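The values are calculated or read from the model by the stated rules, or taken from the named source; none is laboratory data. Since this is a predicted model, take the numbers as computed values, not measurements. Because the Cβ atoms are built from the backbone with ideal geometry, glycine has one as well, and the counts that use them run over all protein chains shown.
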Amino acid sequence: MTHVIPFLRRQRYTISMKQSSLTTWRRVSQVAFILFIFLMPVLNILRIDSDTHELIIFGVSWSFGIQPEYFADRSALGGLRIAAQFFLKGILPWVLFLAIFPLLGWLTGRLFCGWLCPEGALFELSDFLTLKLLGRRNLYGKRPSDPDGAKEKTLLYGTIAVLSAILIPLAGGVALTGYIVAPKTIWHQIVTWDFTFGVKAGIIGVAVYMLITSILVRHVLCRYVCAAGLMQMLFGWVNPVSLRIKMDTARTADCTDCKGCDKACFMNVTPRKNKRDISCVNCGACVVACNKELGTGKGLFHLGFGKGCALPEENCRNLSPETVKT
Ligand code: SF4
Ligand code: SF4
C-alpha cells in the first residue's frame, strides 16, 4: 500500500501540536460534534417524520422518486428506469452512508472514537468524576494504569456527578428521540408535561441506556460492542498506513519510566509497547503526558500515518520488547 501513496511511504507526515492545544482541540471537537448531533433533527438536516413516515434530509422529504406513471410503462426500458431509480435513491445513499465508518477507520484508525464520539466523551467525563470521587478511574477497583489522584472536593464533584447523571441522559434522550419524532412536538410535550407513549419511551429508553453504559460499562463498550468502533478498528488495522500513535524509538533511552503515558490512556493501552493496539482511539493523551514529562516537543509519541515507529526505518527493525521499559 505504501508504494501507492508516496507521501505516506516517506512517513514524514505527522501531526504535531502543542500539548495543551491537542487536548483543547479534542475537547472542542467533542463538544462541537455533540452540538451537531443535537441540532441535526432541529435544523431538519436528518430526521424521520413520525406523522408522515418520511425521511427528511436537508429539509426535503426523501423518496425513491418513482412516479406512478413509471409503472404504466411496461417495456424493458420502463422496468430499467424503476430499478435505476430504486438503486440511486434507495440503495446507493445507504451504502455511502454505511461506508463512512469503514472509510474513516481506513484513513484515521479510531480517530472518530477519540475526537468526536459523544458516547466516548461521556465515558471520559464519567472517568473524570470517578477519579475525583473515588481516587481511581475505574468503578470496580484501582488498576496499575489508573492516573494518580486522590479524592478531592467530594461534595462539589458529587453534586456535579448527580446532576450529570440526571441531566445528560435526559438531554440525550430528548435529542435522539428528535430523530424519529418532530423536535417541536417533543418540546410541546415537555412544556405541557403531556407525553405520548412514543416520546416517553424514546426519552426514557435512551436515558437509561446512557446512564447504564456511562456508569457501569464505559470503554468496554467501545472495545467490544460498538459497531462503529469495531468497523473503524478493523479497517484501520488492515490499512498499513492509517493514522496511529507512533513512538520515537531512537530516543527510548529518554524515557523516565514515569508511566504518565500508561496512566493517561483511558483505553488501557500501553503505548510504550509500540505495538499497534486495536483499542487505541488516537486521542493523543499519551502524547500530552509524555510532553509534560520530557518537555514540550520532546515527548516520545506523536500521531502520524504509517508504521508504528518513527523514522529512520532502522528504529523499527531494531525494536524489541526489551528496548522499552514497561
Ligand atoms: S495509546 Fe495514546 S492515543 Fe491511543 S488511546 Fe491511549 S492515550 Fe489515546
Ligand atoms: S514514554 Fe514518556 S510518559 Fe511514558 S513513561 Fe516514558 S517518559 Fe513517561
Within the set of pairs 6 or more residues apart or between chains, which connect a residue that is part of a loop (DSSP other than H, G, I, E, B) inside the stretch 259-278 to a residue that is near ligand 2 (Cβ under 9 Å from one of its atoms) with Cβ atoms less than 7 Å apart? 265/271; 265/286; 270/262; 274/247; 274/324
How many residues are hydrophobic (A, V, I, L, M, F, W, C), surrounded by fewer than 16 Cβ atoms within 10 Å (Cβ to Cβ) and over 23 Å from residue 149 (Cα atoms) when one looks only at the stretch 251-290? 1
Select, from 54, 69, the only residue that is of a type outside the set (Gly, Ala, Ser) and surrounded by 13 or more Cβ atoms within 10 Å (Cβ to Cβ). 54
First in the stretch 101-123 and in contact (Cβ under 8 Å) with a residue 12 or more places away in the chain and farther than 14 Å from residue 244 by Cβ, second anywhere and surrounded by fewer than 24 Cβ atoms within 10 Å (Cβ to Cβ) and of a type in the set (Val, Ile, Thr), Cβ under 6 Å, 6 or more apart: 118/34; 118/37
Testing residue 103 on (1) closer than 30 Å to residue 237 by Cα; (2) of a type in the set (A, V, I, L, M); (3) not in a helix (DSSP H, G or I), one condition comes back false. Which one is that? (3)
Pairs returned, first residue in the stretch 179-190 that is without any contact (Cβ under 8 Å) to a residue 12 or more places away in the chain and polar (S, T, N, Q), second residue that is in a helix (DSSP H, G or I) and buried (at least 17 other Cβ atoms within 10 Å of the Cβ), beta-carbon separation under 8 angstrom, 6 or more apart or interchain, are 189/199
Quick check on the stretch 245-269: of everything there that is near ligand 2 (Cβ under 8 Å from one of its atoms) and in contact with a strand residue (DSSP E or B) (Cβ under 9 Å, 6 or more places away or on another chain), which residue is modelled with the highest pLDDT? 261
Which residues, taken from the stretch 250-272, are farther than 18 Å from residue 302 by Cβ, out of contact with any helix residue (DSSP H, G or I) (no Cβ under 7 Å at 6 or more places or on another chain) and either away from ligand 1 (no atom under 15 Å from the Cβ) or among the aromatic types (Phe, Trp, Tyr) (or both)? 257
Does the stretch 216-226 contain any residue that is touching a Pro at 6+ places or on another chain (Cβ under 7 Å), of a type outside the set (Phe, Trp, Tyr) and within 15 Å of ligand 1 (Cβ to nearest atom)? no
Test: residue in the stretch 29-39 that is modelled with pLDDT of 70 or more, part of a helix (DSSP H, G or I), among the hydroxyl-bearing types (Ser, Thr, Tyr) and under 20 Å from the mean Cα position of the chain (by Cα): yes
Scope the stretch 214-251; condition closer than 19 Å to residue 120 by Cβ and among the small types (Gly, Ala, Ser); matching residues: 214, 227, 228, 229, 236, 242
For the stretch 291-309, give me each residue that is surrounded by fewer than 21 Cβ atoms within 10 Å (Cβ to Cβ), of a type outside the set (Lys, Arg) and within 10 Å of ligand 2 (Cβ to nearest atom). 293, 294
